[in-house]
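**Q** Encoded as structure tokens, here's the structure I'll be asking about.
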Amino acid sequence: MENPTKKPNTRGILDWFDPRGRRVGGWGFILNRLTAIGLTVYLYLHLIMLGKLAQGPEAYDSFIAFAKQPLIMFGEMLVIIGGLYHGLNGVRIALNSFGVGVPAQKQLLYGVLGLTLVGSLIFGLRMFATH
Amino acid sequence: MSEEKWTVNFVVYRKKGEGAPHYQTFTLEVSPEEYVIDGVERIWAFHDRSLVFAHACHHSTCGACGMRVNGVEKLTCITRIRDVTSNGGTLRIEPLRNFPVISDLVVDMSRLYVGMDKVHAPAVHPLSMAPLEGEGIKPPREVPMDDGKEYLRLADCIECGLCISACPVAGTAEEYLGPAVLAAAQLQGLGRAPDLTAVVDCVDGVWRCHSAYECTAVCPSSVDPGWRIMDLRRQVLAQRIRRWFGGA
Amino acid sequence: MSQYHAIVVGAGFTGVAIAHDLALRGFRVTVVERGPIANGTSGRTHGLLHSGARYAVNDQESAIECIQENQILRLIVPDAIEPNGGLFIAVDESDLEYREKFIQGCEECKIPIRELTPKEALRIEPNLNPKLLTAFTVPDGTFDPLRLALAFAATAKSNGAVFHLYTDVVDLLTDGQGNIKGVKVWNRAADKRFEIEGDIVVNATGAWVGQITSMAGIRVPIAPTPGVMVAYDKRLTQRAINRLNKPGDGDIVLPQRRMMVVGTTSFSIEDPDYVPVLPDHVALMIERGSELIPALRQTKERGAYMATRPLIGSGAPGRSISRTFKAYDHKETDNVEGLVTITGGKATTLRLMAEKTVDLVCKKLGVNVPCTTAETPLISYRKFYVD
């Protein structure tokens, strides 16, 4: 039974995102991980942006002008979608962890996706309306 | 049963000793009603005697023949070829994930057995511990045996390792107890076996689970580990809350 | 304590039980097995822990072995056994004609039975054929085949036995005079070939004993006799259900986890390495099984498989051969020293088969240590994997 290396047969973090053979709950997990990483990256960008405040009004204003480009606005849209999904899915998992709705975890996930979609649409419309 | 014959390409993961893994294709004529393990055993019997694979009972009571079939964890003795490929199609046969590969299709599952021992998972338990509810059958629950004792039955969990292989976090957390082990702890209940709390209420216990529910999806034996992990969390939380209010 | 080194070929029921017995009696033990534990006939048994009642009329030697070993196994390996008992039921007039012989046979073999009225039987097992005519309780049980074997292997390992799994015996080592002094093996997992020398080689390969003995030019009268079994998707009883009649096809139905298993058939083959699961045998199982438990017809097939019994003797048809076992000292039968073959028997008598085989090995080597396996509880089967 000797195994020469004893290293588990895994690709580590890559296996988090491998969608092959995954079902509804597994997709929920993949999206949760992706949005978590996206939001973490955004948090750092956000801190850099806040740092501009310390460099005076000019630096801040030029940054705000830069931030009104369509590409950046698309990025902000992603942040909203990611934030909504991650937060709502967190509620789903917390409910499950209290023993609520586990047999309906798929339906809850569809609900999370639905609410994310609706929330993102509302935000998107508001964003385009104000700019 | 029909005499229908299919030609199926078995693409099999091969690995010997320290050698590099590779895939080898065997083309077999099979009946679509046969099970995947029948094909694998025929590869060994008629094509390549060096193939290493595990199997024992061939009817899903032993859990030895878990493999990945076209990327999905399957107990190959109850997976009909008809359900996983088509005539002229491919069956990619790989060892389970998240365990060390011993050779070809066999993995070292000691990680699972260590965990099952840690939670003193019962191999045989009273019928009432996991009753056969909802199966449309009439088990004589209210009638004890001749000697007044309760019926015993073999636990549902066959320790096949499919759940650990399918779990997306088991690969990055080697110390994680894993779905089967947590399910076995839940089956006993923290109320009846309070010493289990310390084993499961930790970072590599119930809190490592990220609710992908892949374990429940691949479980061939009606254990539903996903639900059991969540219920175990509920038990752990209830116990903590009781402690805050000075309860036992 | 002897310092003799015994090599056991085969890690099915007999092989692991022999390894356990040898280790307890102080031998240095090496087990060589070409697959994992119990991958051949042993793993694929339907899992009936016989009370012996099945053989009480036609094969009383086996029946007495079964009832004694049944009671021992319940005590030494409770982790692998559902001790819920069994029933023999009569569903037609020919079954009923067997009743007298059955009662007498069980009495002669000291198998405790109790007759139930059809109503009593249906009360404790509501899914039985409601037209049943009579029923007897018997001390049957069911077991998990792999875990039964693993418990013996784990205990042997804890007492020092070394297991080489996925390792084929490719030849026997001889001393130049035709006597056996070890085995030449091929470990397929590491793709390595090596030799193991020992004082005695025990051939415990069941239906495959002929493949090993032929390496020493010896023929053993063995009739590989496969049978087909089918598992269904629901657990419909708590006990093993047998047909009250002489042993035949599809007359045992037993629960296992959430399943029912129906067995078995009986046919002859030459090479036991691969035996197809014959579709007409599968169809026969549902036919015969549903005569005992009609609800089987409404359940889905979950698995179909076959196992090859190692029956002793050739020429006679399968069911008429005794289910007892035999240990051959090839010094006596073929003038070849260093090789012992054990075959025949059945899962329920694995411990006894090992006891008799190791008694023979001890006698040959002049070792005087009594067998203690009947009183020694086995350790958890999981310890086989966990050092």
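**Q** Anything in segment B:65-77 that is surrounded by 23 or more Cβ atoms within 10 Å (Cβ to Cβ) and either part of a helix (DSSP H, G or I) or out of contact with any helix residue (DSSP H, G or I) (no Cβ under 6 Å at 6 or more places or on another chain) (or both)? List them, or say none.
**A** Matches in segment B:65-77: B:Arg68, B:Lys74, B:Leu75, B:Thr76, B:Cys77.
**Q** Next up: Looking at C:Leu278 and the list (1) farther than 30 Å from B:Tyr13 by Cβ; (2) crowded, with 22+ Cβ neighbours inside 10 Å; (3) over 19 Å from the mean Cα position of the chain (by Cα), which single condition is not satisfied?
**A** (2)
**Q** Could you check segment C:281-299 and list, in sequence order, the residues that are touching a Ser or Thr at 6+ places or on another chain (Cβ under 6 Å) and crowded, with 20+ Cβ neighbours inside 10 Å?
**A** C:His281, C:Leu296 - these are the residues of segment C:281-299 that are touching a Ser or Thr at 6+ places or on another chain (Cβ under 6 Å) and crowded, with 20+ Cβ neighbours inside 10 Å.
**Q** Being polar (S, T, N, Q), in contact with a strand residue (DSSP E or B) (Cβ under 6 Å, 6 or more places away or on another chain) and free of Cβ contacts under 8 Å to residues at least 24 places away in the same chain is true for just one of B:Asn70, B:Asn98. Which residue is that?
**A** On the way: B:Asn98 fails: free of Cβ contacts under 8 Å to residues at least 24 places away in the same chain.
Being polar (S, T, N, Q), in contact with a strand residue (DSSP E or B) (Cβ under 6 Å, 6 or more places away or on another chain) and free of Cβ contacts under 8 Å to residues at least 24 places away in the same chain holds for just one of B:Asn70, B:Asn98, which is B:Asn70.
**Q** In this structure, is A:Ser120 among the hydroxyl-bearing types (Ser, Thr, Tyr), assigned to a helix (DSSP H, G or I) and modelled with pLDDT of 95 or more?
**A** Yes.
**Q** Which one of these does A:Tyr85 not meet: (1) under 21 Å from A:Leu125 (Cβ atoms); (2) of a type in the set (Ser, Thr, Tyr); (3) facing chain B (nearest Cβ under 10 Å)?
**A** (3)
**Q** Looking at A:Leu78, is it out of contact with any helix residue (DSSP H, G or I) (no Cβ under 8 Å at 6 or more places or on another chain) and under 29 Å from A:Leu14 (Cα atoms)?
**A** No: the conditions fail for A:Leu78.
**Q** Of all the residues that make up segment C:242-273, how many are over 22 Å from C:Pro310 (Cβ atoms), more than 13 Å from every other protein chain (Cβ to nearest Cβ) and touching a residue at least 60 places away in the same chain (Cβ under 8 Å)?
**A** 4
**Q** For segment B:90-98, indicate whether the set of residues that are at pLDDT 95 or above, at the interface with chain C (Cβ under 10 Å from one of its Cβ atoms) and outside any strand (DSSP E or B) is non-empty.
**A** We begin by selecting, within segment B:90-98, every residue at pLDDT 95 or above; these are B:90-98.
Still in the list and also at the interface with chain C (Cβ under 10 Å from one of its Cβ atoms): none.
Looking for residues that are at pLDDT 95 or above, at the interface with chain C (Cβ under 10 Å from one of its Cβ atoms) and outside any strand (DSSP E or B), one finds none in segment B:90-98, hence no.
**Q** Any idea which residue in segment B:42-59 is farthest from B:Thr76 (Cα to Cα), counting only those that are crowded, with 24+ Cβ neighbours inside 10 Å and within 7 Å of chain C (Cβ to nearest Cβ)?
**A** Only one residue tops the list, namely B:Val52.
**Q** Also, quick follow-up: Within segment C:79-93, can you find the residues that are modelled with pLDDT under 95 and part of a helix (DSSP H, G or I)?
**A** C:Asp79
**Q** Among (1) more than 25 Å from the chain's Cα centre (by Cα); (2) touching a residue at least 40 places away in the same chain (Cβ under 8 Å); (3) closer than 27 Å to B:Cys157 by Cα, where does C:Lys131 come up short?
**A** (3)
**Q** Output the qualifying pairs, or none if there are none: Cβ atoms under 7 angstrom, residues six or more apart or on different chains, first residue in segment C:327-347 and among the basic types (Lys, Arg), second residue surrounded by fewer than 20 Cβ atoms within 10 Å (Cβ to Cβ) and in a loop (DSSP other than H, G, I, E, B).
**A** C:Lys331/C:Glu337
**Q** Given the criteria part of a loop (DSSP other than H, G, I, E, B) and either without any contact (Cβ under 8 Å) to a residue 12 or more places away in the chain or within 23 Å of C:Ser380 (Cα to Cα) (or both), does B:Leu132 qualify?
**A** Yes, satisfied.
**Q** Something else about it: Quick check on C:Arg99: is it farther than 26 Å from B:Ser103 by Cβ, basic (Lys, Arg) and within 12 Å of chain B (Cβ to nearest Cβ)?
**A** Considered against the rule, which asks whether it is farther than 26 Å from B:Ser103 by Cβ, basic (Lys, Arg) and within 12 Å of chain B (Cβ to nearest Cβ), C:Arg99 comes out as no.
**Q** Right, another one. Every residue in segment B:189-248 that is charged (D, E, K, R), more than 15 Å from B:Val169 (Cα to Cα) and away from chain A (no Cβ under 14 Å), please. Let's see the steps before the verdict.
**A** Filtering segment B:189-248 down to residues charged (D, E, K, R) leaves B:192, B:195, B:201, B:204, B:208, B:214, B:224, B:228, B:231, B:233-234, B:240, B:242-243.
From what's left, more than 15 Å from B:Val169 (Cα to Cα): B:192, B:195, B:201, B:224, B:228, B:231, B:233-234, B:240, B:242-243.
Passing the criteria: B:Arg192, B:Asp195, B:Arg242, B:Arg243.
**Q** Taking the stated definitions as given, is C:Glu61 part of a helix (DSSP H, G or I), at pLDDT below 95 and over 15 Å from the mean Cα position of the chain (by Cα)? So that I can check it myself, show each step before the final result.
**A** Numbers: part of a helix (DSSP H, G or I): yes; at pLDDT below 95: yes; over 15 Å from the mean Cα position of the chain (by Cα): yes.
Considered against the rule, which asks whether it is part of a helix (DSSP H, G or I), at pLDDT below 95 and over 15 Å from the mean Cα position of the chain (by Cα), C:Glu61 comes out as yes.
**Q** Sticking with this structure for a sec: Return the only residue of B:Ala212, B:Ala184 being more than 22 Å from B:Ser110 (Cα to Cα), at pLDDT 95 or above and either not polar (S, T, N, Q) or not assigned by TED's automatic domain parsing to the domain that holds B:Thr61 (or both).
**A** On the way: B:Ala184 fails: more than 22 Å from B:Ser110 (Cα to Cα).
Going through B:Ala212, B:Ala184 in turn, just one is more than 22 Å from B:Ser110 (Cα to Cα), at pLDDT 95 or above and either not polar (S, T, N, Q) or not assigned by TED's automatic domain parsing to the domain that holds B:Thr61 (or both): B:Ala212.
**Q** So which residues in segment B:169-181 are crowded, with 24+ Cβ neighbours inside 10 Å and either assigned to a loop (DSSP other than H, G, I, E, B) or away from chain A (no Cβ under 13 Å) (or both), if there are any at all?
**A** If the condition is that a residue be crowded, with 24+ Cβ neighbours inside 10 Å and either assigned to a loop (DSSP other than H, G, I, E, B) or away from chain A (no Cβ under 13 Å) (or both), then B:Ala170, B:Leu177, B:Gly178, B:Ala180, B:Val181 are the ones that fit.
**Q** Another one. Give segment C:145-181 a look and list any residue that's in contact with a His (Cβ under 9 Å, 6 or more places away or on another chain) and assigned to a strand (DSSP E or B), or say none.
**A** Correct list: C:Ile180 only.
**Q** What number of residues in segment B:215-233 are in a loop (DSSP other than H, G, I, E, B) and free of Cβ contacts under 8 Å to residues at least 40 places away in the same chain?
**A** Of the residues in segment B:215-233, 0 are in a loop (DSSP other than H, G, I, E, B) and free of Cβ contacts under 8 Å to residues at least 40 places away in the same chain.
Residue-by-condition table, conditions (1) buried (at least 16 other Cβ atoms within 10 Å of the Cβ); (2) outside the structural domain of C:Leu296 (by TED's automatic domain parsing):
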{"residue": "C:Asp79", "(1), (2)": "yes, yes"}
{"residue": "C:Ser94", "(1), (2)": "no, no"}
{"residue": "C:Glu100", "(1), (2)": "no, no"}
{"residue": "C:Gly105", "(1), (2)": "yes, no"}
{"residue": "C:Pro112", "(1), (2)": "no, no"}
{"residue": "C:Leu128", "(1), (2)": "yes, no"}
{"residue": "C:Thr137", "(1), (2)": "yes, no"}
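**Q** So if I check each of A:Pro19, A:Pro8, A:Pro57, which one is at the interface with chain B (Cβ under 8 Å from one of its Cβ atoms) and either surrounded by 11 or more Cβ atoms within 10 Å (Cβ to Cβ) or not polar (S, T, N, Q) (or both)?
**A** None of the other options fit; the residue is A:Pro8.
The values are calculated or read from the model by the stated rules, or taken from the named source; none is laboratory data. Just so we're clear, the structure is a prediction, and the values are computed from it rather than from any experiment. No Cβ is skipped: glycine too gets one built from the backbone with ideal geometry, and neighbour counts run over all protein chains shown.
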